[in-house]
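In what follows, a structure is listed as structure tokens, so that the remarks can point back to it.
The values are calculated or read from the model by the stated rules, or taken from the named source; none is laboratory data. Note that the structure is predicted; figures quoted are calculated from it, not measured. When we count neighbours, we look across all protein chains shown, and the Cβ atoms used for this are built from the backbone with ideal geometry, even at glycine. These accessible areas exclude ligands, DNA and RNA; they are computed on the full protein's heavy atoms, side chains included. Shrake-Rupley method; radii C 1.70, N 1.55, O 1.52, S 1.80 Å.
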Amino acid sequence: MSTVAPSTAASAEATGRRRVIRRAILAGSIGNFVEQFDYGLYGYMAPVLAASFFPAGDRTASVLSAYAVIAIACLVRPFGGTVLGRWGDRFGRKRVLLWTVVLMGVSTAAIGVLPTYRQIGLAAPLILLVLRVFQGMVAGGEYVGAVAFVVEWAEPRRRGYYTSFASNSCFLGILAGAGTAALMSAVFSDETLQSWGWRIPFLAVLPLCAVGMWLRSRIEESPEFMAATDHGTNVVAAPLREALRSQWRPILVFCGASIMLAILSYTWVTFYPEYLSDTLHLPKSAAWLSNMISVAVLIPLLPLAGALSDRIGRKPMLITGAVCCIVLVPVAFRVGQLGTFGGAVASQLIYLIPEFFLTGIVTVCAAELFATRTRFSASSIAYNSSFSIFMGITPFVATLLVSEFGTIYAVWAYLAAAAVLALAVITLFMKETYRSELSADKYAR
């Protein structure tokens with residue numbers, strides 16, 4: 001009797017903690033879903049939005065203009081991330097994440113009611129740009145804050161596994177954005193979609209954000225943050241300055257290691273479907289469907305990748321992923337040149353191999369590389385100075401490279417350069433973090 005009761009109590013406590021962790025993961029991930037739903041929707045519907053918000057005439061110029069809006073919005077992410085990161089380290093993760101999910105929802109829905117270029121002329125793309133810039137500033141703190149929140153709630157030896165669900169929420173958002181774009185294309189005629197049908201999915205974000213706000217309001221602040229700051233009473237007075245002073249090494253390491261993933265992922269989910277349809281003349285619906293299939297295949301694989309990294313470490317996964325970027329991506333592009341639906345699907349399934357080794361691992365490193373008291377600020381600087389900027393410019397750069405050189409292998413060269421940089425940084429400078437204490441400074445002298 002004396003041994004059963006403590007065992008039962010411990011089991012109940014463990015079960016209760018894991019239930020709370022699952023709620024924390026869901027609360028942290030909902031904002032990522034909304035952000036990537038919007039990003040994926042905008043990326044997939046860029047040709048429609050280009051025709052609505054930019055002058056007609058040169059289709060390539062219009063699409064480039066639509067992608068340029070994404071790029072400019074991502075360029076302001078470092079500013080938004082530093083502001084929100086500072087607040088997150090001073091006032092807690094939960095309070096900042098409540099605001100980010102609300103502000104993203106309102107700004108995304110506002111796009112759904114914007115007048116078009118035909119209605120108000122140049123004011124239309126300018127207002128669109130202002131809204132996307134505002135979204136970029138908010139998003140600069142959303143993802144890294146959510147990842148920090150999830151990692152700080154996770155069990156120490158399962159951080160990679162749990163954080164994979166934050167990564168998954170991004171791909172689920174992209175998948176939902178793609179599915180919504182495909183549904184709109186199937187339900188509405190081209191004329192109706194161009195006229196007003198494109199507005200519906202942007203307005204549909206509002207109820208999603210209401211759910212996100214409800215979830216985040218019901219979860220407690222992360223225990224790691226509370227322990228490191230004496231329940232919020234002993235926070236860093238100037239976390240941004242302290243992060244730049246004490247965490248500059250891991251910031252540079254993360255930047256060097258993560259650029260390749262930004263180029264890899266956002267070539268795949270935003271540029272490649274458009275390339276399949278515009279350059280290889282695959283029907284647009286088939287191009288979108290092939291992309292949706294590959295995203296759907298990746299989603300159940302990411303928890304496996306996270307669990308594997310919890311066993312063997314982050315560095316072996318990242319090094320393997322970098323090598324796969326160099327070796328397998330040109331194979332994927334070659335298969336895609338078949339110009340068939342089967343070739344499009346097969347090429348993107350090959351593309352998933354480097355994604356498997358990189359996606360969730362870069363995500364967990366965005367939190368593990370930095371000490372708790374300045375984690376939000378340091379990870380915001382690192383993530384937004386590298387990943388967010390290259391995420392935003394990649395569709396634009398990829399479209400420009402194919403237009404200038406006439407081959408998609410120019411995009412691979414762009415990715416390969418980033419992968420070589422990442423290999424050097426990871427091999428020479430990155431410290432292993434999968435068994436480290438979250439509160440410790442891994443790069444302290």
Restricting to helices (runs of 4 or more DSSP H) lying wholly in region 1-89: which have 2 or more residues that are open to solvent by 10 Å² or more (accessible area, probe 1.4 Å) and at pLDDT below 75?
4-44, 59-75
Output the qualifying pairs, or none if there are none: Cβ atoms under 7 angstrom, residues six or more apart or on different chains, first residue in region 77-101 and assigned by the TED database to the domain that holds L131, second residue surrounded by fewer than 23 Cβ atoms within 10 Å (Cβ to Cβ) and of a type in the set (G, A, S).
P78/S385; G92/G232; L98/S217
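Identify all residues within region 110-125 that are hydrophobic (A, V, I, L, M, F, W, C), touching a residue at least 12 places away in the same chain (Cβ under 8 Å) and open to solvent by 10 Å² or more (accessible area, probe 1.4 Å); write none if there are none.
Those that are hydrophobic (A, V, I, L, M, F, W, C), touching a residue at least 12 places away in the same chain (Cβ under 8 Å) and open to solvent by 10 Å² or more (accessible area, probe 1.4 Å): A110, V113, L114.
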Considering only residues that are at pLDDT 85 or above and in contact with a Phe, Trp or Tyr (Cβ under 8 Å, 6 or more places away or on another chain), look in region 213-232 and name the one that is nearest to A287 (Cα to Cα).
S222
Scanning region 72-100 residue by residue, those acidic (D, E) and farther than 17 Å from A238 by Cβ turn out to be none
So which helices (runs of 4 or more DSSP H) stay within region 126-218 end to end and still have 2 or more residues that are open to solvent by less than 10 Å² (accessible area, probe 1.4 Å) and closer than 18 Å to T100 by Cβ?
159-187, 205-217
Given the conditions (1) open to solvent by 30 Å² or more (accessible area, probe 1.4 Å); (2) in contact with a helix residue (DSSP H, G or I) (Cβ under 7 Å, 6 or more places away or on another chain); (3) closer than 20 Å to T270 by Cα, every one holds for E404 apart from (2)
Those residues of region 329-359 that are of a type in the set (A, V, I, L, M, F, W, C) and open to solvent by less than 30 Å² (accessible area, probe 1.4 Å) come to a total of 7
With the requirement that a residue be crowded, with 24+ Cβ neighbours inside 10 Å and more than 17 Å from the chain's Cα centre (by Cα), what does region 289-310 give you?
S290, S309
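Taking the condition of being hydroxyl-bearing (S, T, Y) and outside any loop (DSSP other than H, G, I, E, B), how many residues in region 231-247 meet it?
Matching residues across region 231-247 total 1.
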Considering every residue within region 419-440, establish whether at least one is of a type outside the set (K, R), without any contact (Cβ under 8 Å) to a residue 40 or more places away in the chain, open to solvent by less than 50 Å² (accessible area, probe 1.4 Å) and assigned by the TED database to the domain that holds T267.
no
Enumeration of residues in region 119-136 that are of a type outside the set (A, V, I, L, M, F, W, C) and in contact with a helix residue (DSSP H, G or I) (Cβ under 8 Å, 6 or more places away or on another chain)
P125, R132, Q135, G136
Would you say P250 is assigned to a helix (DSSP H, G or I) and surrounded by fewer than 21 Cβ atoms within 10 Å (Cβ to Cβ)?
no
